[in-house]
Amino acid sequence: MDPKQLVSVSMRPLVEARLRGTQPGGDPLAAALGNHDSERQGALRRLLPARLARAAVMVPLIDRPEGMTVLLTRRAQHLKRHAGQVSFPGGRIEERDSGPWQAALRETAEEIGLQPHFASLAGYLPDHLVISGYVVTPVVACVQPGFELRLDLTEVEAAFEVPLQFILDPANRVQRERRISGVGFTSYEFPYGEHQIWGATASMLVNLCHLLEQP
């Protein structure tokens, strides 16, 4: 579907229809790198740790009357990894979790205080690889308004919303050429006010856009 046509579409039914029946999984490196050639994918695979940890993040789509928004967080500045970066709430999948959905619900409640009864599962985006050594399952949830956030300031310093229509507009996606250990690949960024959405978070959002833009 042409992104311009999405402006007039009721987004929640479309989101639920496109994600219905999806399951966690897929090639996480392909999800992270898109259409990069196999040589570059192979080079990046060799840079990864021998063992990868499993994690899940929630992609919260808030069903506002004026249009869906994406809820994002900014990580605390004192953290050792990804300090100050924009991210989705989430974290490592633990033994007590029955799967990515339960892990995403638990971590989101712990990090920002979003209670599980406000969120309903829409589906899954392809597993995504983070070079720091995680395979991340993005869990898309439709969130009803009326919640009250309570941030765990040891992990999250801020939470904010971005209109989904802003994310869907290709004019708001900035392509960047990045290099990791001499290997070049294309990544995306979404500049939004004082926030710079990039890295794995931006890649997951681009994957969501591609799914919603399908004919």
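Only the coordinates and a few stated rules stand behind these numbers; no lab work does. The model shown is predicted, which means the values in this text are computed figures rather than measured ones. Cβ: placed from backbone, ideal geometry, glycine included. Neighbour counts: every protein chain shown.
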ask   = Over the stretch 82-201, what relative contact order in percent results from Cα pairs under 8 Å that are six or more residues apart?
value = 20 percent
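Would the stretch 135-206 count as rounded, prolate or oblate if I go by the C-alpha gyration tensor, calling it rounded below 1.5 in a/c and otherwise prolate when a/b exceeds b/c, oblate otherwise?
Verdict is prolate for the stretch 135-206.
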query = Hey, any idea what the orientation-averaged projected area of the convex hull of the stretch 62-187's Cα atoms comes to, in nm²?
reply = 9.1 nm²
inquiry  = For the pair residue 96/residue 12, report the inter-label distance in nm, with labels modelled 7 Å from Cα in the Cβ direction.
reply    = 3.1 nm
